[in-house]
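The values are calculated or read from the model by the stated rules, or taken from the named source; none is laboratory data. Worth saying up front: this structure is predicted, and the values here are computed from it rather than measured. Glycine also receives a Cβ, built like all others from the backbone with ideal geometry; neighbour counts cover every protein chain displayed.
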Amino acid sequence: MNSLFSDMRRAVLSLPFLCAVVLQLVILRQGGFESELYRMSVPLVCTFPFSCAWLDESRSGFTGLALHRTSVFRYIAGKYTACAVSGGLCELLAAYLFCQLKHTALPENFALIFWCAAFWAGLSAWLAAASESKYSAYGGAFVICYFLVILHERYWKSCQYLDPFEWLSPQKVWMFGHEGVRIMLCGMTVLTGLLYACILERRISHG
């Protein structure tokens with residue numbers, strides 16, 4: 001647990017987290033929640049706080065020192081959880097501040113903002129571990145999101161599950177409503193975490 005709390009503190013109380021909040025707030029002030037700019041920026045901005053944490057520690061040699069104080073499972077779980085939660089929180093905080101500045105009520109999809117960002121941040125952490133590249137971490141989630149948007153609009157327009165914009169702000173009827181979207185996003189986040197753990201465990205065991 002100490003590893004998780006330490007990673008959470010480093011992820012949230014950091015300059016990248018603050019930069020992510022400020023940048024997303026600026027984007028919201030430009031177009032609001034319904035703008036395409038905002039919807040496309042979420043998979044990019046949420047990766048700033050902690051997506052490359054393991055990559056930085058691995059290259060600096062800190063991973064070996066950290067593993068002397070905790071188990072491999074706790075180390076990996078701390079990294080992924082802190083990444084996903086900080087990614088969701090930076091988007092949530094930006095949305096809250098925007099509503100306060102505009103003196104408007106919180107949007108109906110407020111909880112979905114967190115889960116969407118948490119999934120994209122977790123996916124970027126997985127891409128960083130799989131490719132060992134910061135470029136893949138920061139840009140990969142955005143590219144995948146854009147690819148899914150094109151796939152949905154050109155080939156499977158009737159399949160709402162493929163549309164990342166629909167995850168963020170549902171316009172169609174979902175089973176269980178917004179709760180159904182949250183369940184799907186939560187499941188994808190957990191699955192991505194398992195893939196992340198498999199890759200990281202292999203990289204750590206092979207040095």
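Only a single item in (1) more than 30 Å from residue 164 (Cβ to Cβ); (2) touching a residue at least 40 places away in the same chain (Cβ under 8 Å) is not met by residue 51, and it is number (1).
So which of 71, 58, 41 is closer than 13 Å to residue 204 by Cβ and free of Cβ contacts under 8 Å to residues at least 60 places away in the same chain? Criteria check complete, one pass: 71. Taking the condition in a helix (DSSP H, G or I), surrounded by fewer than 16 Cβ atoms within 10 Å (Cβ to Cβ), at negative phi and not polar (S, T, N, Q), does residue 151 pass? The answer is yes for residue 151.
Conditions (1) more than 16 Å from the chain's Cα centre (by Cα); (2) crowded, with 18+ Cβ neighbours inside 10 Å; (3) in a helix (DSSP H, G or I); (4) on the phi > 0 side of the Ramachandran plot, marked per residue:
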site	(1), (2), (3), (4)
144	no, no, yes, no
157	yes, no, no, no
170	yes, yes, no, no
189	no, yes, yes, no
192	no, yes, yes, no
195	no, no, yes, no
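Among the residues of region 183-198, those that are touching a residue at least 60 places away in the same chain (Cβ under 8 Å) and either within 12 Å of residue 80 (Cα to Cα) or in contact with an Asp or Glu (Cβ under 6 Å, 6 or more places away or on another chain) (or both) comprise 189, 192, 193, 195, 196, 197. From the list 91, 57, the one residue that fits, being among the acidic types (Asp, Glu), modelled with pLDDT of 85 or more, part of a helix (DSSP H, G or I) and touching a helix residue (DSSP H, G or I) at 6+ places or on another chain (Cβ under 6 Å), is 91.
Determine whether residue 30 is among the polar types (S, T, N, Q), modelled with pLDDT of 95 or more and more than 24 Å from residue 183 (Cβ to Cβ). The answer is no for residue 30. Filtering region 81-91 for residues that are more than 23 Å from residue 188 (Cα to Cα) and within 16 Å of the chain's Cα centre (by Cα) leaves an empty set. When region 172-187 is filtered for residues that are among the aliphatic types (A, V, I, L, M), surrounded by fewer than 16 Cβ atoms within 10 Å (Cβ to Cβ) and part of a helix (DSSP H, G or I), only 183 remains.
Taken over region 22-52, residues that are surrounded by 21 or more Cβ atoms within 10 Å (Cβ to Cβ), closer than 10 Å to residue 91 by Cα and hydrophobic (A, V, I, L, M, F, W, C) amount to 3.
Annotation note: Cβ proximity below 9 Å between a residue of region 100-111 that is free of Cβ contacts under 8 Å to residues at least 40 places away in the same chain and a residue that is part of a loop (DSSP other than H, G, I, E, B) (sequence gap 6+ or interchain) occurs for 102/32. Restricted to region 159-168, and to residues there that are out of contact with any Lys or Arg (no Cβ under 9 Å at 6 or more places or on another chain) and of a type in the set (A, V, I, L, M, F, W, C), the residue that is surrounded by the fewest Cβ atoms within 10 Å (Cβ to Cβ) is 159. The single condition among (1) buried (at least 23 other Cβ atoms within 10 Å of the Cβ); (2) of a type in the set (A, V, I, L, M); (3) farther than 24 Å from residue 105 by Cα; (4) touching a Leu at 6+ places or on another chain (Cβ under 8 Å) that residue 84 does not satisfy is (4).
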